[in-house]
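To start, the structure itself, in structure tokens.
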Amino acid sequence: MATEHRHPRCVTPSGGIASSAPTEALVIAELRREIGNLKLQREADADEAAATYDAMTAEIARAEEYGRNEVQRANDTTDYVIAERDARISQLERLVETPRCGDLGLFFDQQLSPDRAAAFRIHLATCTRCDAGLLDLAQSEASMKAAKPDPTRGG
Ligand SMILES: [Zn+2]
């Protein structure tokens, strides 16, 4: 049988000095915890601010990209309209009879001087009238030759 040890100095009292020391420590711990929370909050705020900044930067970049695309689209449309108009102009120019077109018959009959024949060949490359006219002349000559017996072939 063990006797219960009850020395007064060994018993921890529930009040007095023994209770005031832990309270101070608790206050310090509480303050530290609060500081820690504030630091976490500050970091969270900084993160949020950074995220907001990133989002805004991305939004601005998207807006700039959109603006650039719109400008590009407008330029493309303008380029397209100009190209269409240029194509139409050169198409019409090819249909217009030029003084050079008058040389077609002489060119076909090889009656032009070499200089004029050379100039006509250059003209022929861009003139659909003369191009078509030359083909007509060649076809009508071919049909005329077909109608007559060819003296070079003999009988
Ligand atoms: Zn012509």
Could you please tell me which pairs satisfy a Cβ distance under 6 Å, a separation of 6+ or placement on different chains, a first residue in segment 117-132 that is at pLDDT below 90, and a second residue that is near the ligand (Cβ under 8 Å from one of its atoms)?
R129/C101
Scope segment 89-110; condition near the ligand (Cβ under 10 Å from one of its atoms), surrounded by fewer than 11 Cβ atoms within 10 Å (Cβ to Cβ) and among the β-branched types (V, I, T); matching residues:
V96
Any idea how many residues of segment 111-124 are within 10 Å of the ligand (Cβ to nearest atom) and of a type outside the set (F, W, Y)?
2
Wholly inside segment 50-152, helices (runs of 4 or more DSSP H) that include 1 or more residues that are among the hydroxyl-bearing types (S, T, Y) are 114-126, 128-147
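The values are calculated or read from the model by the stated rules, or taken from the named source; none is laboratory data. Here the structure is a predicted model, which is why all the values come from computation and not from measurement. Positions of Cβ are generated from backbone atoms using ideal geometry, with glycine treated the same way; all protein chains shown enter the neighbour counts.
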